[in-house]
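Every number in this text was worked out from the coordinates using simple rules, so none of it is lab data. Just so we're clear, the structure is a prediction, and the values are computed from it rather than from any experiment. Every residue, glycine as well, gets a Cβ built from its backbone with ideal geometry; the counts of neighbours run over all protein chains shown.
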Amino acid sequence: MDNASLTQKLNLHALWVKSAEADGCRLNLEYEDLRGLTLPNGTLVGAKLNSADFRGSNLEHADFTGADLGEADFRDTNLERSNFSVANLRGARFAGAHLSNATLERANQQYADFRDTDLTGATLNEARLMGSNFRRADMNNAILRGVDLGCADLREANLTRADFAYADLRGANFDGAIVDSKTNFSHAKMDDDSVTTIHHILAHSR
């Protein structure tokens, strides 16, 4: 897609958002190749972006609230301080992306790929993360209160100072994860294997 067409679509979408859907037109870039896009502070609220390819883009502080992003590709993308609240991110790919201080509250992120992703200081409260892959992700100081991480892969992830209070962690794999005394598991639902693994990690980190 050429820059002029994309700019026109983005302007119409911004009007659609600002007018509460009375004017403009909802952005639809499903399946589009948007690699290398530079759109910091972009307004993508409620946009239809399923399977769009954003690899290597700069989308810092972009607002994707309520957007449809199923199976979208954000690998190696700058998404620092971006907002994905209540967005559909089922099966989205974030491997190697920068999501520090991003907001992903109440988003559907089932089976998403967050391998090697920077999620430091990110907020994911009440997100659906069942079956997602966080292997080697940096989740230092991330807030994940009330999330559903059932059967998620957290192997070798950095979970120092992360807050998992009231989270559902049953079936999650914590092998090789890094936790410390500030990692909060209060009131979290955990199976015996997870509890044993975390206690083992804590015992060897002292």
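Observations, loosely collected:
- Seen against the Cα atoms of the chain and their longest principal axis, helix 3-18 is set at about 70 degrees.
- Projected label distance in nm at residue 186 and residue 200, using a 7 Å step from Cα toward the beta-carbon: 2.8 nm
- DSSP-loop GluC sites (Glu not before Pro) across region 1-90, with at most 12 other Cβ within 10 angstrom: 21
- Extended-chain gain in nm, criterion 0.36 nm per residue less alpha-carbon gap, residue 23 and residue 6: 4.3 nm
- The chain: calculated mean residue ellipticity at 222 nm from DSSP helix runs of at least 4, using -39500 (n - 2.57): -5000 deg cm²/dmol
- Taking the Cα centre of the chain as reference, the dipole from Cβ charges on Lys and Arg (+1) and Asp and Glu (-1) amounts to some 280 debye.
- Helix 192-205 and the longest principal axis of the Cα set of the chain meet at an angle near 80°.
- Distance from region 62-132 to region 29-43 (C-alpha centre basis), Å: 15 Å
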